Each structure stands twice: as structure tokens, then as C-alpha cells.
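Q: My questions will all concern the structure given below.
The values are calculated or read from the model by the stated rules, or taken from the named source; none is laboratory data. Computed from a predicted structure; not experimentally measured. Glycine also receives a Cβ, built like all others from the backbone with ideal geometry; neighbour counts cover every protein chain displayed.
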Amino acid sequence: MKCLIIIPAYNEAENIEKVVDNLISNFPQFDYIIINDGSNDNTKEICREKQYHVLNLPINMGIGGAVQTGYRYARDNEYEAAVQIDGDGQHDVAYLEGMLEVLEKGQADAVIGSRFVDKEGFQSSRLRRVGIRFLSNLGKLLTGVRVKDITSGYRVVNRRFIEIFAEDYPADYPEPEALVIVAVHGGKIVEYPVIMRERENGESSITLKKSIYYMCKVTLAMSIRRLSFGVRRKKK
Amino acid sequence: MIPSTLRITLCVAVICYFVLILYYLKKRMLELKYTLIWLVAGVVMGVMIFFPELLVVFVKMLGIESNMNGLYVLCFAFTIAILMTLTSIVSRQTMKIKILIQELSMMEKRIRELEEQNNEKQG
């Protein structure tokens, strides 16, 4: 299965080398593309120097816009699967074979690398887990599909959803909303147990200060997303 | 106190307001990010209609004589706030477009030079 690894990177100069060098030396069977989302550190220079495959966005678009660039690239280069991993080394690529296997057998349209299936490894702070559980319940309420680790950025999708995401992907804080898109399109979501590492350098994109805004925004976005598909789904 | 007829009118108006916003959001003609301020304004207006006591407290606090005037001041404040956010959004977009155009022109130059090099090699 021709699979593309999409690595969105915003100011990841400290981590990107380790992540990509690991990919190149240990997982040469996968193609990758770094989306440098208008970083203002020297991410761009590092990528050029090391001759990584990189798309440099001239302006910071936010994670959603960056990842969508990756899906567009995957669509135009005829990839059958695309996986999104964070540029900070949180996600272990070793699980990818297993996740792709689930996809290949046709058991799922989207496979989510989930921290909460086996409850091993870095489990995030308590407050965040409460937030994640709330969004997970909301997702269940809106679509009937339960995804425990709904904010996980480690996810594989097949060709069908590469095409859908290339056209329509949420702009900021996209993870939970993207899963609503998968669910309302009738895609099957499977969670695959992974162990995530705590990020080593830099800060997570969601600070505590922003979390209230995050929760309001994501709750509204998920609800409206569900609403805008409501009538269309009945037509089928 | 606000007269009850006015409260009903305002109530209907706020419902229309929300329906309109939701309709546009549903049709994906509005970006949620830019609509949040509209939604917040709507919620505050709704609260003021359902709990007019709050409006009275607010109006007293500002030292305005009539409740109705207080309501107008509130509406005006929201309009100004929304206009300000709009201006800020437009300004940010202007900056982004500017950078895009500059990047594009540099890229055009690079491609042109590459093409010329290529032609020289072939010719």
C-alpha cells in the first residue's frame, strides 16, 4: 500500500531532525512530506540543508491548513493511504504497519492511534483527559460513533478520505471535527492502541490559557459540522 | 423595566438572529472562527431579555437614566466590538496576502531562471 506520512511542523527545529532521520533510516518503505507551516525558527533551513521532502508554506495557516496541504499532496500524487503524525516526536512510527494492516483489510476507513485503549504510556494531564472525555461523549452523541482518543493527531486514512479531506478539512483544532466528518460520511473508525511519548522539546500547541476557548470552539464546530450534514444524510 | 411587548419583539429578533447565523454556518458561508463574536453578542442579548433585572443593574452601574437608553448603548457597544474585530481580521488578511504576493513573485523569478538555464542546456 502506497502510504504517505504527513508531518505538519510549526517551529519544530529542535525535534524535526530526530523525527525525520528516524523515518528515513528505520522506515524507508514509507514516503513522507513535511509541511513547514510558516515557521519563524530555522525549520526551513534545516529541511533544506538535510534535503528533506518539504512543502514550505509562506504564511502560518494553523495545523488544519497545514495538514490539508498534506492531504492535497497525497491526493495529487496518488497515495492510497495517508498518515498524519506530529512533528514533535510524540508518535511512534513503529505502530504504522499494524495500523495500515487494519486499513488494508478493509476493516476501517480511518485508524486512530489511541492512548486510551490499553491505557499505557503518557496519558496527558487529568484536566485534559476530562476535556477529551467530554468531546468523546459529544462525538458519540452527534454521530453515534465513540472514539475514546478523539483529539489524537496520529491517524491513518484511506484513499476515499484523502480525497474528502483534500477538499474539506477544518481550519483550527481540526482533530475531533475531522472525525465527525469521517463519521457522517459513513466511514468506519477503528482505534488502535499506541503508546505516546511526552513531547521532549517545545510546547504543546494548546496551552492551558487557550483550553476554554478550545473547548467552546470545538464543541460548536463539531455540532455545526454534524448539523450541516443532517439533511444530506437523510437524502441517501 | 422593559415593557413586555418590547421583550417579546426582542425575543423574536434574537431568535431570528440565531437562526440566520446557524443557517449561514450550516451552508458553510461563514467561518465559525469569525462568527464566535456574533454568537457571544447574541447570547448576551438573550440573557438581557430573559433577565431584565441584569440590564437594570448594568444601566445603573453606567449611570444612565432610562433603561431603553441602556439597551441602545449595549447594542451600540456590540456593533463597535464586531466592527473592530472585522477590521482586525481584514488587516491580518491584508498582511497575509501581501506576503503571498511577495513569495509568489520570488518563486516566479526562480522558475524563470530555471527555465532559462534549462533552455541554455538544451540549446
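Q: Only one of B:108, B:65, B:120 is surrounded by fewer than 10 Cβ atoms within 10 Å (Cβ to Cβ), among the acidic types (Asp, Glu) and modelled with pLDDT of 90 or more. Can you tell me which?
A: B:120
Q: Oh, and also: Across segment B:22-45, what is the number of residues that are crowded, with 16+ Cβ neighbours inside 10 Å, of a type in the set (A, V, I, L, M, F, W, C) and at the interface with chain A (Cβ under 10 Å from one of its Cβ atoms)?
A: Residues flagged as crowded, with 16+ Cβ neighbours inside 10 Å, of a type in the set (A, V, I, L, M, F, W, C) and at the interface with chain A (Cβ under 10 Å from one of its Cβ atoms) within segment B:22-45 amount to 5.
Q: Is it fair to say residue B:53 is part of a loop (DSSP other than H, G, I, E, B), of a type in the set (Asp, Glu) and away from chain A (no Cβ under 14 Å)?
A: Values: part of a loop (DSSP other than H, G, I, E, B): no; of a type in the set (Asp, Glu): yes; away from chain A (no Cβ under 14 Å): yes.
No; evaluated as a whole, the condition is false for this residue.
Q: Only one of (1) on the phi > 0 side of the Ramachandran plot; (2) within 14 Å of chain A (Cβ to nearest Cβ) is not met by residue B:63, so which one is it?
A: (2)
Q: Also, quick follow-up: Inside segment A:49-68, can you point out the residues that are out of contact with any Asp or Glu (no Cβ under 6 Å at 6 or more places or on another chain) and more than 14 Å from every other protein chain (Cβ to nearest Cβ)?
A: A:49, A:50, A:51, A:52, A:53, A:54, A:67, A:68
Q: Could you please let me know if residue A:186 is out of contact with any strand residue (DSSP E or B) (no Cβ under 7 Å at 6 or more places or on another chain), surrounded by 20 or more Cβ atoms within 10 Å (Cβ to Cβ) and modelled with pLDDT of 90 or more?
A: Numbers: out of contact with any strand residue (DSSP E or B) (no Cβ under 7 Å at 6 or more places or on another chain): yes; surrounded by 20 or more Cβ atoms within 10 Å (Cβ to Cβ): no; modelled with pLDDT of 90 or more: yes.
In short, no.
Q: Turning to a different aspect of this structure: From the list A:34, A:85, A:59, which residue is crowded, with 20+ Cβ neighbours inside 10 Å, of a type in the set (Val, Ile, Thr) and under 27 Å from residue B:102 (Cα atoms)?
A: Result: A:34 is the single residue among A:34, A:85, A:59 that is crowded, with 20+ Cβ neighbours inside 10 Å, of a type in the set (Val, Ile, Thr) and under 27 Å from residue B:102 (Cα atoms).
Q: Which one of these is within 14 Å of chain A (Cβ to nearest Cβ) and of a type in the set (Lys, Arg): B:109, B:98?
A: B:98
Q: Taking the residues in segment A:14-70 that are in a strand (DSSP E or B) and of a type in the set (Asp, Glu) as candidates, determine which candidate is nearest to residue A:100 (Cα to Cα).
A: Residue satisfying both the conditions and the ranking: A:31.
Q: Test residue A:41 against the criterion of being within 14 Å of chain B (Cβ to nearest Cβ) and of a type in the set (Asp, Glu), and give yes or no.
A: The answer is no for residue A:41.
Q: Being surrounded by 24 or more Cβ atoms within 10 Å (Cβ to Cβ) and either over 13 Å from residue A:86 (Cα atoms) or not aliphatic (A, V, I, L, M) (or both) is the filter; apply it to segment A:5-31 and report the residue that is modelled with the highest pLDDT.
A: Ranking the qualifying residues of segment A:5-31, first place goes to A:8.
Q: Let me ask something else about it. As an exercise: evaluate residue A:95 against (1) surrounded by 23 or more Cβ atoms within 10 Å (Cβ to Cβ); (2) more than 22 Å from residue A:177 (Cβ to Cβ); (3) of a type in the set (Ser, Thr, Tyr) and give the number of the one condition it does not meet.
A: (1)
Q: Exactly one condition in (1) out of contact with any helix residue (DSSP H, G or I) (no Cβ under 8 Å at 6 or more places or on another chain); (2) assigned to a loop (DSSP other than H, G, I, E, B); (3) polar (S, T, N, Q) is not met by residue A:123; state its number.
A: (1)
Q: Among the residues of segment A:126-150, how many are part of a loop (DSSP other than H, G, I, E, B), crowded, with 20+ Cβ neighbours inside 10 Å and of a type outside the set (D, E, K, R)?
A: First pass over segment A:126-150, keeping only residues part of a loop (DSSP other than H, G, I, E, B): A:144-150.
If we keep only those that are crowded, with 20+ Cβ neighbours inside 10 Å as well, we get A:147, A:149-150.
Within this subset, residues satisfying the condition of being of a type outside the set (D, E, K, R) are A:147, A:150.
Going through segment A:126-150 one residue at a time, the tally reaches 2.
Q: Quick one: what pairs do we get from segment A:39-52, first residue touching a residue at least 12 places away in the same chain (Cβ under 8 Å), second part of a loop (DSSP other than H, G, I, E, B) and surrounded by 13 or more Cβ atoms within 10 Å (Cβ to Cβ), C-beta under 6 Å, 6+ apart or different chains?
A: A:39/A:10; A:39/A:11; A:41/A:11; A:43/A:12
Q: Exactly one of these conditions fails for residue A:164: (1) touching a residue at least 60 places away in the same chain (Cβ under 8 Å); (2) part of a helix (DSSP H, G or I). Give me its number.
A: (1)
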